[in-house]
Amino acid sequence: MCQVNEEDDEIFQALKSTINKTPTNRKCMSCDEDACVIVRIADPMCRKCFEEFFIHKFRSTLSKSNIFGRGEHVLIAYSGGPSSTALLHLIAEGLSVNARRRLQFQAHVAFIDESSLYPDAIDIREKVIDRITNQLHYPLHIVSIDDNLDNDNTLKKLLFQQTKSLTAREELIRRRKLKLLFDIAIREKCTKLITGDNCTKLAAQILSDMAQGKGAHVALECNLTDTTNDLVTIVRPFREIMSKEIAMYNRLNSIESLQNIDISTMSGIQSSIFKLSETLVNDLQRQFPSTVSTIFRTSDKLEKNLKSERCDLCCYPLDLDEDQSLLSDQDRIKLIHQLFDTRSDSNDPVHVCYACRRLLRDVQPNLQSNQE
Amino acid sequence: MPSTICVSCRGERSAALVRPKTSEPYCKICFFQAFEREIHETIVKEQLFKPGETIAIAASGGKDSTVLAYVLKLLNERHSYGLNLVLLSIDEGITGYRDDSLETVKRNQQQYDLPLIILTYKELYGWSMDEIVKAVGRKNNCTFCGVFRRQALDRGAMKLSVNKIATGHNADDIAETILMNILRGDIARLKRCTSIITGDESDDNEVSVIPRCKPLKYAYEKEIVLYAFYKRLDYFSTECIYSPNAYRGNIRTYIKDLERLRPSSIIDIIHSGEQLIVKPTTKLPVQRICERCSYCSSMPICKACLLIEGLNKGIPKLGIGKTERYRKEMQQKQDQCCNDQSLCHCMKEKLTVTEQN
């Protein structure tokens, strides 16, 4: 079973030898100023060089393949968290008149308001409006997570009463958010959707997806441009940037993120598959500082699955045969139409991928049908 | 005591256990049947064996290989596969571990009435694991053991002239390997670690090696333990005295945690792994043949030859860490270690080849 002692492999030797050293009394690696941060594995940098390095990484990711057309309408997914706040900041700088190599697109911002699900969430909406509309003056589109549903309580009831695991709750919200973002983008005629996914999060997402049978979608989900939706392309300009680097950038520039509650707030590290995966990645990253980039590079070497048949739940290409993916349970079909389809009265057959089929096992649809 | 009813025979018998795979209550008899049926279905569906083939079961005396040997013998008779089964064991020469587990294999041989062949590292490579640890220390010894065992199984199988080797890798092992390969960025192994047969005609990567298959690929470790326990199979369960393996331990804990959250996770990981397609443009190491021992290798000189060279020359660190320079040197002065008195295993290889001819 143990083929080779992995720890003693060449790769691991290389990983171990480069454990962090403290920044005190170290000079910036590119100029001779005193360093204030350590980036990558053990490179000390001063503030100026770090910002240059950070912005360069962001801009080069974006300009690598000339993603945006001049004047193209682009939707930025904003959650209030550190990543998307930094993203907005960088885009605002890139769009400003005096920027070098100015970005040329029309920015819209979307915010999915989840506060109806949690009693404690207050005035996040006002804060978002203040920041986006009053300070940045971008068109802002706020949609509530239970938008389009007949009854305000439907989603809450579904998540907290009919769904039996936190994993399933998280995944349902994730899929619904993506669906809503696509809807906004299409409505506002945006052809690109920019998200703030950083590579630390993507690495955890890769493991979490693998564990839920979503391996077929890993390559797409981590790519810079994700063509899951035919009309809207997802762009991930932070995919090469670590969460730590974002935190350092935010701190140096006094960029404050909004405190926001999500479904897994206050739950333990063993409560869901994503949380477990995140914990594993962070723990390993502490011992072996190239864990995140290794996971990430592995996914880069995978071929994207570009089958045209899509899963009706997660919007990603199907990984099952036609007859295996067809859903037969009427209640569950109704549920999917209700939550994930704007044409909620349609009676089209529903196809779901392997992972979504597993996910639906944790959802009890029958409570739904006998409501008033 | 309130008795739950077995879901399979619907009340004929009361349930004795909860199946780890499905979390459903089963009675012992139905569990045995389901477990055996699933392995049979895997074998039939994946066409693991052809009638008349000789199959070597890689037997360590542990739970997986003991269950594998028992179930294969049972299914071979029940469904008349027409297979000729033999047990193949490798004696690494670890006192206090392998000698005890080999006793178990010897008892299994009696119980199941199968021929058994034991190959030792000492006779294949000139070094037993105990001697290697003495020379290398406790730190890198698993590298030696792992590299040598892979070759040893093939050599044993060639000696017995079998058609295939069946190994006891279970679903947990495969899930673990998939995640390990992602975490290590080993794209070549990631590509082949999910296939149930490696090294056969359909696999052009590993030519000239005896095909291997994993009939327990979809069997959960927990179910294997339950099966062995309720069938009262005679197996040996002790960790190797030399193996700490902390990194893999992290992944193992992760998988156990996942299984607790959602029992289907292990199968889901295997499904994910099977769905991964490697970009055709990705550079993969080319499989070639070692210039010394003609075993398959991704380098001109295979890892085993390199390690042996290091051991014989008293530089055991050779082959661990960066070794590009050494490999080149070895290529240039090829036959130095292979004079007739030498114990180098490439010499042995030449001998066995001539014997066969």
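If you check A:CYS222, A:CYS190, which single one turns out to be within 14 Å of chain B (Cβ to nearest Cβ) and in contact (Cβ under 8 Å) with a residue 60 or more places away in the chain? Show your work before the answer.
Numbers: A:CYS190 fails: within 14 Å of chain B (Cβ to nearest Cβ).
Answer to the selection: A:CYS222.
If you check A:PHE160, A:PHE50, A:PHE111, which single one turns out to be modelled with pLDDT of 90 or more and within 18 Å of A:ARG175 (Cα to Cα)?
None of the other options fit; the residue is A:PHE111.
Quick one: in the stretch B:297-316, which of the residues that are surrounded by fewer than 19 Cβ atoms within 10 Å (Cβ to Cβ) and over 25 Å from B:ASP130 (Cβ atoms) is farthest from the chain's Cα centre (by Cα)?
The qualifying residue farthest from the chain's Cα centre (by Cα) is B:PRO300.
Mind listing whichever residues of the stretch A:151-174 are over 24 Å from the mean Cα position of the chain (by Cα) and free of Cβ contacts under 8 Å to residues at least 60 places away in the same chain? So that I can check it myself, show each step before the final result.
First pass over the stretch A:151-174, keeping only residues over 24 Å from the mean Cα position of the chain (by Cα): A:151-154, A:157, A:161-162.
If the condition is that a residue be over 24 Å from the mean Cα position of the chain (by Cα) and free of Cβ contacts under 8 Å to residues at least 60 places away in the same chain, then A:ASP152, A:ASN153 are the ones that fit.
Restricted to the stretch A:263-278, and to residues that are more than 14 Å from chain B (Cβ to nearest Cβ) and surrounded by fewer than 18 Cβ atoms within 10 Å (Cβ to Cβ), which residue is farthest from A:SER208 (Cα to Cα)? Before the answer, list the steps.
We begin by selecting, within the stretch A:263-278, every residue more than 14 Å from chain B (Cβ to nearest Cβ); these are A:263, A:265-266.
Adding the requirement that they be surrounded by fewer than 18 Cβ atoms within 10 Å (Cβ to Cβ) leaves A:265-266.
On the way: A:THR265: 18, A:MET266: 19 Å.
Looking at residues that are more than 14 Å from chain B (Cβ to nearest Cβ) and surrounded by fewer than 18 Cβ atoms within 10 Å (Cβ to Cβ), I get A:MET266.
Among (1) over 30 Å from A:GLN212 (Cα atoms); (2) not in a helix (DSSP H, G or I), which single condition is A:VAL143 missing?
Here A:VAL143 clears every test but (1).
Given the options B:THR198, B:THR167, name the one that is touching a strand residue (DSSP E or B) at 6+ places or on another chain (Cβ under 8 Å), within 12 Å of chain A (Cβ to nearest Cβ) and hydroxyl-bearing (Ser, Thr, Tyr).
Numbers: B:THR198 fails: within 12 Å of chain A (Cβ to nearest Cβ).
Within the list B:THR198, B:THR167, the selection yields B:THR167.
Quick check, is A:ALA203 among the small types (Gly, Ala, Ser), assigned by TED's automatic domain parsing to the domain that holds A:THR233, within 16 Å of the chain's Cα centre (by Cα) and under 29 Å from B:GLU176 (Cα atoms)?
Details: among the small types (Gly, Ala, Ser): yes; assigned by TED's automatic domain parsing to the domain that holds A:THR233: yes; within 16 Å of the chain's Cα centre (by Cα): yes; under 29 Å from B:GLU176 (Cα atoms): yes.
Answer is yes for this residue.
Out of all the residues in the stretch A:279-291, is one or more under 27 Å from B:THR282 (Cα atoms), out of contact with any helix residue (DSSP H, G or I) (no Cβ under 7 Å at 6 or more places or on another chain) and at the interface with chain B (Cβ under 9 Å from one of its Cβ atoms)?
No: zero hits.
Does B:ARG150 qualify as being charged (D, E, K, R), within 14 Å of chain A (Cβ to nearest Cβ), part of a helix (DSSP H, G or I) and on the phi < 0 side of the Ramachandran plot?
Values: charged (D, E, K, R): yes; within 14 Å of chain A (Cβ to nearest Cβ): yes; part of a helix (DSSP H, G or I): yes; on the phi < 0 side of the Ramachandran plot: yes.
The answer is yes for B:ARG150.
Return the pairs, sorted by first residue and then second, in which the second residue is among the aromatic types (Phe, Trp, Tyr), the first residue lies in the stretch B:226-239 and is closer than 10 Å to B:GLY62 by Cβ, the beta carbons are less than 6 Å apart, and the residues are 6+ apart or on different chains.
B:ALA228/B:TYR235
Against the condition of a type in the set (Gly, Ala, Ser), modelled with pLDDT of 90 or more and more than 24 Å from A:PRO139 (Cα to Cα), how does A:GLY268 come out, does it pass? Steps first, please.
Numbers: of a type in the set (Gly, Ala, Ser): yes; modelled with pLDDT of 90 or more: no; more than 24 Å from A:PRO139 (Cα to Cα): yes.
Here the answer is no, as A:GLY268 does not meet what is asked.
Of these, A:ASP300, A:ASP321, A:ASP312, which one is modelled with pLDDT of 80 or more, within 12 Å of another protein chain (Cβ to nearest Cβ) and either crowded, with 20+ Cβ neighbours inside 10 Å or under 30 Å from A:LEU202 (Cβ atoms) (or both)? Break it down stepwise before answering.
Working: A:ASP321 fails: within 12 Å of another protein chain (Cβ to nearest Cβ); A:ASP312 fails: within 12 Å of another protein chain (Cβ to nearest Cβ).
On inspection, the qualifying residue turns out to be A:ASP300.
Just one of (1) touching a strand residue (DSSP E or B) at 6+ places or on another chain (Cβ under 9 Å); (2) over 18 Å from B:ILE269 (Cα atoms) trips up A:ILE261, so point out which.
With respect to (1) touching a strand residue (DSSP E or B) at 6+ places or on another chain (Cβ under 9 Å); (2) over 18 Å from B:ILE269 (Cα atoms), A:ILE261 is out only on (1).
Are any of the residues in the stretch A:245-252 within 14 Å of chain B (Cβ to nearest Cβ), among the β-branched types (Val, Ile, Thr) and either surrounded by 20 or more Cβ atoms within 10 Å (Cβ to Cβ) or closer than 23 Å to A:PRO139 by Cβ (or both)?
Keep residues of the stretch A:245-252 that are within 14 Å of chain B (Cβ to nearest Cβ), which gives none.
No, the conditions are met nowhere in the stretch A:245-252.
B:CYS145 - would you say it is more than 29 Å from B:ASP257 (Cβ to Cβ), in the same structural domain as B:THR253 (by the TED database) and crowded, with 23+ Cβ neighbours inside 10 Å? Explain how you work it out, then say what you get.
Values: more than 29 Å from B:ASP257 (Cβ to Cβ): no; in the same structural domain as B:THR253 (by the TED database): yes; crowded, with 23+ Cβ neighbours inside 10 Å: yes.
Answer is no for this residue.
Being assigned to a loop (DSSP other than H, G, I, E, B), in contact with a Phe, Trp or Tyr (Cβ under 7 Å, 6 or more places away or on another chain) and under 16 Å from B:ASN312 (Cα atoms) is the filter here; which residues of the stretch B:111-147 pass it? Full working, then the answer.
Going residue by residue through the stretch B:111-147, those that are assigned to a loop (DSSP other than H, G, I, E, B) are B:113-115, B:126-128, B:137-140.
Those left that are additionally in contact with a Phe, Trp or Tyr (Cβ under 7 Å, 6 or more places away or on another chain): B:127-128, B:138.
Of everything in the stretch B:111-147, those that are assigned to a loop (DSSP other than H, G, I, E, B), in contact with a Phe, Trp or Tyr (Cβ under 7 Å, 6 or more places away or on another chain) and under 16 Å from B:ASN312 (Cα atoms) turn out to be B:TRP127, B:SER128.
Condition test on A:THR167, is it at pLDDT 85 or above and out of contact with any His (no Cβ under 6 Å at 6 or more places or on another chain)? If you could, list the steps in order and put the result at the bottom.
Values: at pLDDT 85 or above: yes; out of contact with any His (no Cβ under 6 Å at 6 or more places or on another chain): yes.
When the stated conditions are applied, A:THR167 passes them.
Quick one: in the stretch A:243-276, which of the residues that are in a helix (DSSP H, G or I) and of a type in the set (Ser, Thr, Tyr) is nearest to B:ILE251 (Cα to Cα)?
Filtering the stretch A:243-276 for residues in a helix (DSSP H, G or I) gives A:243-252, A:273-276.
Still in the running and of a type in the set (Ser, Thr, Tyr): A:243, A:249.
Working: A:SER243: 23, A:TYR249: 32 Å.
Checking each candidate, the answer is A:SER243.
With the checklist (1) in a loop (DSSP other than H, G, I, E, B); (2) under 30 Å from B:ALA135 (Cα atoms); (3) facing chain A (nearest Cβ under 9 Å) in hand, flag the one item B:MET180 doesn't pass.
Result: B:MET180 fails condition (1) only.
Would the stretch A:6-16 turn up any residue that is out of contact with any His (no Cβ under 8 Å at 6 or more places or on another chain), part of a strand (DSSP E or B), modelled with pLDDT under 90 and under 28 Å from A:GLN287 (Cβ atoms)? Working first, answer last.
Within the stretch A:6-16, the first condition is being out of contact with any His (no Cβ under 8 Å at 6 or more places or on another chain), and the residues that meet it are A:6-16.
Now restrict to residues that are part of a strand (DSSP E or B): none.
No: the stretch A:6-16 contains no residue that is out of contact with any His (no Cβ under 8 Å at 6 or more places or on another chain), part of a strand (DSSP E or B), modelled with pLDDT under 90 and under 28 Å from A:GLN287 (Cβ atoms).
The values are calculated or read from the model by the stated rules, or taken from the named source; none is laboratory data. Computed from a prediction, not measured in an experiment: that's the story for all the values here. As a convention, Cβ positions derive from the backbone with ideal geometry for all residues, glycine included, and neighbour counts pool all protein chains shown.
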